[in-house]
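Asker: Here it is, the structure, as structure tokens.
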Amino acid sequence: APEPPPERLFVQVGAFAERDNAMRLVDRLRASGFPNTFVVSERDGSRLLHRVRVGPLDDAAEFDRLDGRLRRLGVDGSRLIVDP
């Protein structure tokens, strides 16, 4: 059987109903040294959510390091996202 694709890890730092709010956070994080920040827009039931993510990450330890940096910037509530 073919081998499944490797899992990719990301930090999710926010989810917004308004794309402009998501883009403001992306701009702020990129200006603060997180160049690999982007938006994923997905349907969540009847609404469209714009999720701000950083990554991909090398491993879970990198999540811990990034989470600390994000907290120092005032960005709390980061979540580790596993995307196959």
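The values are calculated or read from the model by the stated rules, or taken from the named source; none is laboratory data. Everything quoted here is computed from the prediction, not taken from an experiment. Quick reminder, even Gly has a Cβ in these numbers, built from the backbone with ideal geometry, and neighbours come from all protein chains shown. All accessible areas refer to the heavy atoms of the entire protein, side chains included, with ligands and DNA or RNA removed. Shrake-Rupley method; radii C 1.70, N 1.55, O 1.52, S 1.80 Å.
Asker: Hand me the GluC sites (Glu not before Pro) from the chain located in a DSSP loop with no more than 11 other Cβ atoms within 10 Å, in residue order please.
Answerer: Glu7, Glu18
Asker: Output wanted: per-residue J couplings in Hz (rounded whole) for region 21-33, from phi through Karplus 6.51 cos²θ - 1.76 cosθ + 1.60, θ = phi - 60°, x for Gly and Pro.
Answerer: Computed from phi, the couplings for region 21-33 are 5, 5, 5, 4, 5, 4, 4, 4, 5, 4, 5, 9, x Hz.
Asker: Carbon and sulfur: what percent of region 29-84's accessible surface (1.4 Å probe)?
Answerer: Of all accessible area on region 29-84, carbon and sulfur atoms account for 46 percent.
Asker: Something else about it: Could you give the nm distance between label points at Ala17 and Asn36, where each point is 7 Å from its Cα heading toward the beta carbon?
Answerer: 3.3
Asker: Label region 1-48 by shape, choosing from rounded, prolate and oblate, from the square roots a ≥ b ≥ c of the eigenvalues of the Cα gyration tensor; if a/c is under 1.5 it is rounded, and otherwise prolate applies when a/b is larger than b/c, oblate when it is not.
Answerer: oblate
Asker: Under the Karplus relation 6.51 cos²θ - 1.76 cosθ + 1.60, θ = phi - 60°, what is the ordered set of whole-Hz ³J(HN,Hα) values for region 52-62, x standing for Gly and Pro?
Answerer: Values, residue by residue: 9, 10, 10, x, x, 9, 6, 6, 5, 5, 5 Hz.
Asker: For the chain, what does the relative contact order come out to in percent, with C-alpha contacts under 8 Å and a separation of six or more?
Answerer: Across the chain, relative contact order equals 44 percent.
Asker: Would you list Phe63, Phe34 from the most to the least accessible area, probe 1.4 Å?
Answerer: The ordering from most to least exposed comes out as Phe63, Phe34.
Asker: While we're looking at this one, here's another question. Just the number please: accessible area per residue for the chain, 1.4 Å probe, all protein chains included, in Å².
Answerer: Ligands and nucleic acids excluded, the figure is 64 Å² per residue.
Asker: Divide by every residue of the chain the summed helix terms, -39500 (n - 2.57) for each DSSP H run of at least 4, and state the resulting mean residue ellipticity at 222 nm, rounded to the nearest 500 deg cm²/dmol.
Answerer: My calculation for the chain gives -10000 deg cm²/dmol from helical runs alone.
Asker: Now a separate question. According to a simple spin-label model (label point 7 Å from Cα along Cα-to-Cβ), what is the distance in nm between Ala1 and Glu62?
Answerer: With each label placed 7 Å out from Cα toward Cβ, I get 2.8 nm.
Asker: Skipping prolines and chain starts, which residues have an amide H placed within reach, meaning under 5 Å, of the one on Ala15, given they are 5 or more residues away or on another chain?
Answerer: HN-HN under 5 Å from Ala15: Val52.
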